[in-house]
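Reviewing the structure listed below.
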Amino acid sequence: MEFLLNPFSINALIILAIFGLTLFIATYCTYAERKIAAFIQDRVGPNRAGPLGLAQPLADAVKMFFKEEFIPANAHKFLFVAGPSLAMLTACMSSAVIPFGNTLIIDGVGEIRLQGIEVNIGMLYIFGVVALGVYGIMIGGWASNNKFSLLGAIRAASQNISYELAMGLSIIAILMMSGSLSLREITLQQGGSFLGISGLDWNIFYQPLGFIIFLTCAFAETNRTPFDLPECETELIGGYHTEYSAMKLGLYLFAEYVNIIVASAVMSVLYFGGFNFPGQEWLRANIASDPTLAHNLVTIIGTVVFFGKIFAFIFFFMWVRWTLPRFRYDQLMHLGWKILIPLAMINVVLTGAAILFWPQLKAMF
Amino acid sequence: MIQNVFYFLTFLTLISACMVVFSRNPVYSVLFLILTFFSISGHYILLNAQFLAAVNIIVYAGAIMVLFLFVIMFLNLNKETETQKSNISKFAAVIAGGLLMVVMVAALKDVDAGTYTEAGFNSQIGMVQNLGMVLFKNYLLPFELASVLFLVAMAGAVMLGKKETGERHF
């Protein structure tokens, strides 16, 4: 045990834990998706494999692995395999900078951050990785040598580019408020008190418009209904993954769920206070007499609360998918360019004005 | 260690930049160009300029190259449709490229690439805050001029993309 108690190996363990947890939650997202769909459509959903159908993701994985690997004759073989791999790689990369919790204080080791890596450009890192996510879809769609796949790939590319702009503009408003690109810093700034309740000083109360824009763009960036035009099965068979089978198809579907988890985590961090929860200062003062123990307990509760926020957003993603119909492609472009981008710009100007005139406003009352 | 990383990144940059020119398939060329941008971002990180590295990835690899790939996918280039270039045009291309290289070498051979002194060097100069200070204090005018240039380019793109009267797309 002794060799484990140094900052380096503890950080390695945290990175492994984040990676494993992300993949585990993504696995059970497939189960949750089917259960929630069943609930919304008044059905039962998967209930055969294991108690309550809980072994269903395992059964699905086994099915995926044992299906026939098929590569079309005229496909570009290397890129055909690289497509789903890239999709999965970029999806898994972005969870590295998300702060899953505050610090733990351990005797003889010091303060340990519950985060993969802490960089002062965390937000830009996430934004860059999200921007790269479209390559997996584009390359796979093009390499399939199929018209429908190509159409799906092209739709994915133009959709991602269009919604990235509005997403970036809505993030700028947040950055103007926080003055930092580090996700940990943004989270810690939301730990103050709001209306007398500590830990409730969340950005959602200052940036409601920005949050709605970000949420809409997150749906478009993860290719979820109502913006799942790249795989729109009524028009394009399966879109970019028409030609894929077995685990390569599985990787594409799986990458989508990992992307949803990351998008949920980023939304929780940026707008819903990350690991802060209402009443944390009261709890810190009253939960234990030893301040170190109290700090650690509050951190652990904060991490649990953070995962609760992530699950709530994942549920929201699924709820929307089984409630709203798909957009038409020109409607999607119209919404992105003519509604969301101007709204996001107005939001930036409003935020700037509010920051500039805040002292005067305060003095008036 | 850092030296070896530098050599590896340089090797990767040069090889992938060469592959952009030499690969037969334009889609592979674009993918190698993306790899080149990544290795250049690696150089930025070695220089402790994390902001530049991230912005390089976001702007070039994340946006501009997606548009490149987008256009090239539409072209549907393959072996059957590849145009045969005559020897004269190849010859002309070599001469033009060679002349460009001569001009570049002549222009850059006497350039004094500002050396740094270890005492006055600020290793944190690449951080976002410091870069912002330099950009908005010392280089405000060039920055503003660049944004005017972007505005003009944007207006031009909108003009080109605008529907003409009576034109129908679908």
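The values are calculated or read from the model by the stated rules, or taken from the named source; none is laboratory data. Everything quoted here is computed from the prediction, not taken from an experiment. When we count neighbours, we look across all protein chains shown, and the Cβ atoms used for this are built from the backbone with ideal geometry, even at glycine.
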Looking only at residues that are more than 7 Å from chain A (Cβ to nearest Cβ) and touching a Leu at 6+ places or on another chain (Cβ under 8 Å) in region B:64-77, which one is nearest to A:Lys147 (Cα to Cα)? B:Phe68
Would you call A:Asn146 of a type in the set (S, T, N, Q), within 7 Å of chain B (Cβ to nearest Cβ) and at negative phi? no
How many residues, within region A:181-196, are within 20 Å of the chain's Cα centre (by Cα) and farther than 20 Å from A:Leu350 by Cβ? 7
For region A:193-214, name all the residues that are under 20 Å from A:Val262 (Cα atoms) and part of a helix (DSSP H, G or I). A:Asn203, A:Ile204, A:Gly210, A:Phe211, A:Ile212, A:Ile213, A:Phe214
Which numbered condition A:Tyr125 fails, given (1) at the interface with chain B (Cβ under 10 Å from one of its Cβ atoms); (2) more than 22 Å from the chain's Cα centre (by Cα): (2)
Of the residues that make up region A:86-96, is at least one surrounded by fewer than 16 Cβ atoms within 10 Å (Cβ to Cβ), at pLDDT 80 or above and hydrophobic (A, V, I, L, M, F, W, C)? no
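Out of A:Leu58, A:Leu52, A:Leu13, report the one residue that is under 30 Å from A:Pro99 (Cβ atoms) and either in a helix (DSSP H, G or I) or without any contact (Cβ under 8 Å) to a residue 24 or more places away in the chain (or both).
The match here is A:Leu13.
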Region A:149-166 - residue that is more than 9 Å from every other protein chain (Cβ to nearest Cβ) and buried (at least 22 other Cβ atoms within 10 Å of the Cβ) and, of those, farthest from the chain's Cα centre (by Cα): A:Ser149
What do you reckon, is B:Ala61 away from chain A (no Cβ under 14 Å) and either on the phi < 0 side of the Ramachandran plot or modelled with pLDDT of 90 or more (or both)? no
Would you pick out the residues in region B:27-46 that are over 12 Å from the mean Cα position of the chain (by Cα) and facing chain A (nearest Cβ under 9 Å)? B:Val27, B:Tyr28, B:Leu31
Just to confirm my filter: which helices (runs of 4 or more DSSP H) fall fully inside region A:254-365 and include at least 2 residues that are aromatic (Phe, Trp, Tyr) and in contact (Cβ under 8 Å) with a residue 40 or more places away in the chain? A:291-321
All conditions in (1) aliphatic (A, V, I, L, M); (2) out of contact with any Phe, Trp or Tyr (no Cβ under 7 Å at 6 or more places or on another chain); (3) away from every other protein chain (no Cβ under 14 Å); (4) touching a residue at least 40 places away in the same chain (Cβ under 8 Å) are true of B:Ala49 except (3)
Among (1) part of a loop (DSSP other than H, G, I, E, B); (2) buried (at least 24 other Cβ atoms within 10 Å of the Cβ); (3) not polar (S, T, N, Q), the one test that A:Arg224 misses: (2)
